[in-house]
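Structure first, commentary second.
Bear in mind these aren't lab numbers, they're just calculated from the coordinates by the rules spelled out. Note that the coordinates shown come from a computational prediction; the quantities given were computed from them, not determined experimentally. Because the Cβ atoms are built from the backbone with ideal geometry, glycine has one as well, and the counts that use them run over all protein chains shown.
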Amino acid sequence: MSWHSTSIAQMAKALAAKEVSSAELTQYFLSRIDAGKQWNAYLDVNAHLSLEQAYKADMLISSGKGGALTGIPVAHKDVFVTRGWKTTAASKILEGYLSPFDATVVANLGMPSEDNPNGAGMVCLGKTNMDEFAMGSSNENSGYGPVLNPWNSEYVSGGSSGGSAVAVAAGLAPIATGTDTGGSIRQPAAFCSLTGIKPSYGRVSRYGMIAYASSLDQAGPMGKTSEDCALLLSAMSSHDRRDSTSLADSGEDYGRYLNQSWRAGNTNLAKPLEGLRVGLPKEFFAEGLASEVAQSVNEAAKILENLGAKLIEVSLPKTKLSIPVYYVLAPAEASSNLSRFDGVRFGHRANEYRDLSDMYKKSRTEGFGAEVKRRILIGTYVLCHGYYDAYYLQAQKIRRIIAADFQKAFSQCDVILGPVAPDVAWRLGEKSKDPVQMYLEDIYTLSTNLAGLPAMSVPCGFNKINLPIGMQLIGNYFSEARLLQVAHQYQQASDWHLRQASEVA
Ligand code: GLN
């Protein structure tokens, strides 16, 4: 059985029917991780710990105490602190760091225990590579080497959740967690032909998720299908008193609309999306968008139309400003969040130093990579007395306008459709010398984080050299279940998400 091409929805059925045990599944993926080291998708694997969890899961299943996801393996982005596995956020400054507790996301998905009665019982396969502190769009900023794209190993995987994307795309995990501050779930999902969702801000607890830009960070699932993402998100999200921005009513079944038609009472099975208004923002299809990406997204729009949806042109006039706004606000928050890595409380400390301030300076100089240092400098600068009004405050004001523009668009449509990124994956090294080039790649993903809206990436095609293309679906606040429904209906009418990366299939 090729479990790496099986959805977690099918895997759950096989586990319940005793066709396979969690220990067998876990061993299967651990062997694939071992054989697939060349992608550099994982930063820490511990077969002993994973199998220990799998045996526990098998016991839960056989005693009838298993839940929907019990026994299914999952990989976690290395930004979530994890008991047992090292957590580094792909930074040398945290090399070897072992957390004394689990992030809420890890606990929610993990083994149930006295302290964690609601754990879903999934088995942790290990920690996935990422851009250092989630800063990047290609996974070339990892302190532990880039992650290669399994569709073509000369190309980037996308970032910052590139390790999670490649773990699933290369069949080294059935599903994975990611985080998205400005596109880091959606863009690597698009580059590797996966389905991923960044929920509304506040849906998933940020407790134990190493902070990059706290007002933008949000965790979500990366999997093969919309159905799988709905299953994982339902288990990931919960109200958490330890995160002051966690929503009070977050525990919902995000898969509840998957097999329903958009409009209740519609019995026309050929047109399940009748009544759905899909907005196409004209700014998302303007200059800068690769024609092959535009073509695939337009074909996807036609499929939605065939399913009964109505296409409407909408406008998000401040789209271009999302880049300068994000690259002021995110570094500002990062410069503050990363001040805790000082050589005293966590991680790396320089061997030799003259005094305390020299120790800070040397530890941080040695521990942080170039992109992280760049952002700390930018962030510190825009928060300086004298520049604060000109940059930080101005960016905050435009952030409000960007959010208001979305509300205007949502008065005309139910979901917004566009590309995830202006391009497909690029060659390793192609943009690393020019950070601004790299920042421009985030143009279609940043605005949803600035507004706090949910957004998905769904496979919708391939270019001539077989590199994946993703489309983006954006919904209004708390409409995750509806987004997943639209994506699921699209996946019933298309097969892009079923293709497997040829180099590993
Ligand atoms: N590419 C963006 C950045 O470099 C977004 C990263 C993210 O979502 N974590 O900051």
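Remarks
- Peptides 82-94, 405-417 ordered by average Cβ neighbours within 10 Å, highest first: 82-94, 405-417
- Spin-label model, L393/S215: points 7 Å from Cα along the beta carbon direction are separated by 1.4 nm.
- Pairs from K127/K397; K282/K397; K302/K397; K37/K362; K318/K431; K224/K271 whose Cα-Cα separation, in the structure shown, is over 27 Å: K127/K397; K302/K397; K37/K362
- Fraction of beta bridges assigned by DSSP in the stretch 3-236 that are antiparallel (%, nearest 5): 60
- Summarising the label geometry, the points placed 7 Å from Cα in the beta-carbon direction at A286 and V344 lie 4.8 nm from one another.
- A Cβ-based charge dipole, computed about the Cα centre of the chain with Lys and Arg at +1 and Asp and Glu at -1, lands at about 520 debye.
- Ignoring aspartates and glutamates fewer than eight residues from K18 along the same chain, the ones with Cα atoms less than 14 angstrom from its Cα are D58.
- Under 17 Å from the Cα of K361 - lysines, other chains or at least 8 residues apart: K92, K373
- With R₀ set to 51 Å, the beta-carbon distance separating S336 from D34 gives a calculated FRET efficiency near 0.80.
- Dipole magnitude (debye, nearest 20) for the stretch 3-236, charges at Cβ of Lys, Arg, Asp, Glu: 260
- Surrounding net charge for G163, when Lys and Arg each add one and Asp and Glu each subtract one, Cβ distance under 9 Å: +1
- Antiparallel DSSP beta bridges within the chain, percent to nearest 5: 65
- The aspartates and glutamates within cross-link reach of K56, meaning a Cα-to-Cα straight distance under 17 Å and a gap of 8 or more places when in the same chain, are E24, E114, D115.
- Computed over the chain, the per-residue total of -39500 (n - 2.57) for DSSP H runs of n ≥ 4 gives a 222 nm mean residue ellipticity of -10500 deg cm²/dmol, rounded to 500.
- Each other residue within a Cβ distance under 10 Å of A350 adds +1 if Lys or Arg and -1 if Asp or Glu, for a net charge of +1.
- Membrane-span-like helices in the chain (whole DSSP H runs, Cα extent of at least 24 Å along the helix axis, mean Kyte-Doolittle hydropathy of at least -0.5): 394-410.
- FRET efficiency estimate (nearest 0.05) - Cβ-Cβ, E52 to K18, R0 25 angstrom: 0.75
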